[in-house]
Amino acid sequence: MSGHAEQHSDKLRAALYVVATPIGNLKDITLRALEVLRSVDVVYAEDTRTSATLLAHHGIRTSLRSLHEHNEARATQEVLRELEAGRAVALISDAGTPAISDPGALVVAAAREAGHRIVPVPGPNAAIAALSVSGISGPFLFVGFLPAKASARRKLLEGWRSAPYALVFYEAPHRVAECVEDLLAVYGPGRTLTIARELTKLYESVHVCPLGEAPAWLAEDANRLRGEFVLIVSPAAADADATRIEGERVLKLLREALPLKDAARLAAAITGARKNELYELGLRDQAE
Ligand code: SAM
């Protein structure tokens, strides 16, 4: 294992190990994460009770201390003292990767500032898991949680209206319906929405549909609003292309029965493509 972040000995080098843990299925923990959690001097966890269950499940007895949103500043000072004393410290959160919509960034920045080694031990992350089954490729923007206030939420969403990348959101179950309504209002019915729920858990479901169909789909069954969610909106540019292609297809069909002007108007209304663009396309086709 030489050349790796860990050495062969039982004792780990002094460092802050940022360790990803499962987002549901307890089996989703890497061999390396288990080794690190077993070998460090202390594990800082967001919720020591939740993490005690995980460690016990794997027969790990390392002592646990808490580092959460409300004590992060104080706990950070404690972690710095541990690192200065030459101890190996692990940081975990309740689920997934620490510091990703979770506490951790503060202690990581402070440890770096103080000149300590920081070692990522990668693993589960809800956003990446959802993206991996969304069928979307290319760049994405990880937003995480949107503001709870509707006006702040809409304002933020509007800023990304024509962003040529997928938008990835975390959302709490009691706000999913409201959030989807906002996504629809800002991005329109044609963009694709991936609703990834309860990933790696018993009631895991991944539903992909046009944004315009999402509210009705969610309202159809109360269970569809339960659990933990990742929402992904497909990129604007790709959708614009898809809409134009669909517009052309419908235009060609309508042209068999209608004058160009009417066909372009109807094709635009049906598909959301631009009327003028379709009209010009029709003119070019006529000229050929
Ligand atoms: N650090 C975590 C990560 O790496 O994904 C995220 C923690 S954040 C506090 C919790 C949010 O992540 C949930 O509200 C939900 O939006 C999303 N999430 C976590 N686990 C999930 C799962 N199993 N399925 C779907 N979304 C999940």
Considering only residues of the range 68-101 that are within 16 Å of the ligand (Cβ to nearest atom) and among the β-branched types (V, I, T), which is farthest from D28 (Cα to Cα)? I100
Which of the residues belonging to the range 87-133 are within 13 Å of the chain's Cα centre (by Cα), over 16 Å from V43 (Cβ atoms) and without any contact (Cβ under 8 Å) to a residue 60 or more places away in the chain? I100, I128, S132
Which residues, taken from the range 133-155, are of a type outside the set (A, V, I, L, M) and under 21 Å from P22 (Cβ atoms)? S134, F142, G144, F145
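Let's see how each residue does on (1) hydroxyl-bearing (S, T, Y); (2) away from the ligand (no atom under 16 Å from the Cβ); (3) within 27 Å of A273 (Cα to Cα); (4) surrounded by fewer than 14 Cβ atoms within 10 Å (Cβ to Cβ):
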{"site": "Y165", "(1), (2), (3), (4)": "yes, yes, yes, no"}
{"site": "V176", "(1), (2), (3), (4)": "no, no, no, no"}
{"site": "E181", "(1), (2), (3), (4)": "no, yes, yes, no"}
{"site": "L199", "(1), (2), (3), (4)": "no, no, no, no"}
{"site": "L211", "(1), (2), (3), (4)": "no, yes, yes, no"}
{"site": "W217", "(1), (2), (3), (4)": "no, yes, yes, no"}
Write out, first by first residue and then by second, each pair whose Cβ atoms fall under 8 Å of each other, whose residues are 6+ apart or on separate chains, and whose first residue, in the range 248-272, is at positive phi while the second is at pLDDT below 95 and assigned to a helix (DSSP H, G or I). G272/T243; G272/G247
Could you list all residues from the range 102-132 that are within 11 Å of the ligand (Cβ to nearest atom) and either assigned to a loop (DSSP other than H, G, I, E, B) or within 15 Å of Y17 (Cβ to Cβ) (or both)? D102, P103, G104, P122, G123, P124, N125
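The values are calculated or read from the model by the stated rules, or taken from the named source; none is laboratory data. The structure presented is a predicted model; accordingly, all values stated were derived computationally and were not measured. Quick reminder, even Gly has a Cβ in these numbers, built from the backbone with ideal geometry, and neighbours come from all protein chains shown.
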